[in-house]
Amino acid sequence: MTVSVRAIEPGEGRVVLVVVAHADDVTLFLGGTVASWADAGWRVVVVRVTDDRWDSVGSDEGSTMLANRDEFERAAKILGVADVVELGYPTDTLRDVSTVELRERIIRAVRTHRPYALVSFDPYSMYGEDNLDHVVVARATDESAWTSQFDLHHPEHFVDGLEPHGCFERWYFGRRVMDVTDVIDISATLDRKVAAGCCHRTMMLNFLNQLRLQAETGGWRLPPVERALADGDVEAVLSPLLRAASERLGRRHGVGAAEEFRVVRFGGMEGLLAAIGERI
């Protein structure tokens, strides 16, 4: 499969709709690309499916929800996100949610915002994915890409003034993208990705605590992690981790820093455009 470093084309006000499970997913998986889209004139809308109510350490549920939402909004602002849609499902429980129900809510977002590109986890690239929320969101979003075009799917939307909508591109990301087609050079936006990542203090402290617990079980200490947990400052640990991961991908593709995607255009039938299509 051909892999190319792709330049972000001018958005001219067109919409990119990104569907994620959790507040930190946007930044960690594609923060540099989101910032690049925004800089190029795309309107980036993010759907957060869960409320991250349990993603903290040493806090209560209500405070956790408020903190994660505030940190999510601050990170989104840094990246240039134009709008946020909150679906509000309890985190880490999507396995018990009807896929059809979740799909309907994503279809509504597609028909409302009418994106050129729909972006989410890759359901066919789940190697090493142990977060079931990611898997559920991937499958529901993937189905939404084609069911949003059917005028017999959820006609109640049309009463609200919405119409069927077809997305021209599907962008897939994941912990490990197996069939990479497009690479985005995020050298110019890496600083913003890191700054946005460090906004997620509540979630990152919980992540660092998980690392601490695992290390202790194996007979290890992580002094930088312990210091971060003690003083509540995640930047000293998180910033070099985010930079190193992005720069490692960049070296693989001959750029300073990168993010990888599998991109499908026109439902994988681009040849049909060349054969019978005309530019509008």
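The values are calculated or read from the model by the stated rules, or taken from the named source; none is laboratory data. Note that the structure is a prediction, hence the values are computed from the model and not measured. No Cβ is skipped: glycine too gets one built from the backbone with ideal geometry, and neighbour counts run over all protein chains shown. When the accessible area is computed, the model is the full protein with side chains, heavy atoms only, and any ligands, DNA or RNA have been set aside. Shrake-Rupley method; radii C 1.70, N 1.55, O 1.52, S 1.80 Å.
Only the Cβ atoms of Lys and Arg (+1) and of Asp and Glu (-1) were treated as charged; on that basis the dipole of the chain about its Cα centre amounts to roughly 680 debye. When the residues Met203, Met65 are ordered by accessible surface, computed with a 1.4 Å probe over the protein chains alone, the sequence from largest down reads Met65, Met203. Helix 99-113 sits at what angle to the longest principal axis of the chain, using alpha carbons and giving 0 to 90 degrees rounded to 10? For 99-113 against the chain, the angle is about 70 degrees.
With a ≥ b ≥ c taken as the square roots of the eigenvalues of the C-alpha gyration tensor of the stretch 153-208, please select rounded if a/c is under 1.5 and otherwise prolate if a/b is larger than b/c or oblate if it is not? Display every interim value, and only then the final one.
Details: a/c = 2.50, a/b = 1.66, b/c = 1.50.
Prolate, since a/c reaches 1.5 and a/b exceeds b/c.
Against the set (i) 17.9, 53; (ii) 22.9, 100; (iii) 19.2, 64, the structure's computed Rg and Dmax of the Cα atoms in Å falls on (iii). Between Leu213 and Trp146, the simple spin-label model (points 7 angstrom out along Cα→Cβ) gives 4.0 nm. Shape class of the stretch 203-280 from the Cα gyration tensor (axes a ≥ b ≥ c, square roots of the eigenvalues): prolate, since a/c reaches 1.5 or more and a/b is larger than b/c.
Given the -39500 (n - 2.57) contribution per DSSP H run of 4+ residues, what per-residue ellipticity at 222 nm results for the chain, rounded to the nearest 500 deg cm²/dmol?
On the way: 10 runs with 131 residues, N = 280.
Computed mean residue ellipticity for the chain: -15000 deg cm²/dmol.
Normalising the average separation of contacting C-alpha pairs (under 8 angstrom, six or more residues apart) by the number of residues puts the relative contact order of the chain at 24 percent. Across the accessible surface of the chain, with the other protein chains kept in place and a 1.4 Å probe, carbon and sulfur atoms take up 52 percent.
Each of Glu86 and Ala275 was given a label point 7 Å from its Cα along the Cα-to-Cβ line. The distance between the two points is 4.8 nm. Accessible surface comparison of Asp96, Asp191, probe 1.4 Å, protein chains only, largest first: the order is Asp96, Asp191. If you sort the three axes of the alpha carbon gyration tensor as a ≥ b ≥ c, you get a/c under 1.5 for the stretch 1-160, which makes it rounded. Each Cα pair under 8 Å and six or more residues apart adds its separation to the average, and for the stretch 1-62 the resulting relative contact order is 41 percent. Extension gain for Lys77-Thr99 works out to 4.9 nm (0.36 nm per residue, less the C-alpha to C-alpha distance). Each part reduced to its alpha carbon centroid, the stretch 118-172 and the stretch 7-44 end up 17 Å apart.
Couplings 3J(HN,Hα) of the stretch 161-172, computed from phi: x, 7, 9, x, 8, x, 7, 6, 10, 10, 10, 10 Hz, in residue order, whole Hz [Karplus 6.51 cos²θ - 1.76 cosθ + 1.60, θ = phi - 60°; x for Gly and Pro].
If amide H atoms are built 1.01 Å from N in the plane of the peptide, which residues on other chains or at least 5 residues away come under 5 Å of the amide H of Val47? So Val47 has HN proximity to Val18, Val19, Val20, Val85.
Compute the accessible area per residue over the chain, keeping the other protein chains in place, probe 1.4 Å, unit Å². Working shown, then result.
Details: 13620 Å² over 280 residues.
Result: 49 Å² of accessible area for each residue.
Residues in the stretch 64-73 carry Karplus couplings, in order, of 5, 4, 5, 5, 5, 5, 5, 5, 4, 5 Hz; the curve used is 6.51 cos²θ - 1.76 cosθ + 1.60 with θ = phi - 60°, and Gly or Pro positions show x.
The phi torsions of the stretch 225-233, fed into the Karplus equation with coefficients 6.51, -1.76 and 1.60 and a -60° offset, translate into couplings of 5, 4, 5, 4, 5, 6, 9, x, 9 Hz, rounded to whole numbers, with Gly and Pro shown as x.
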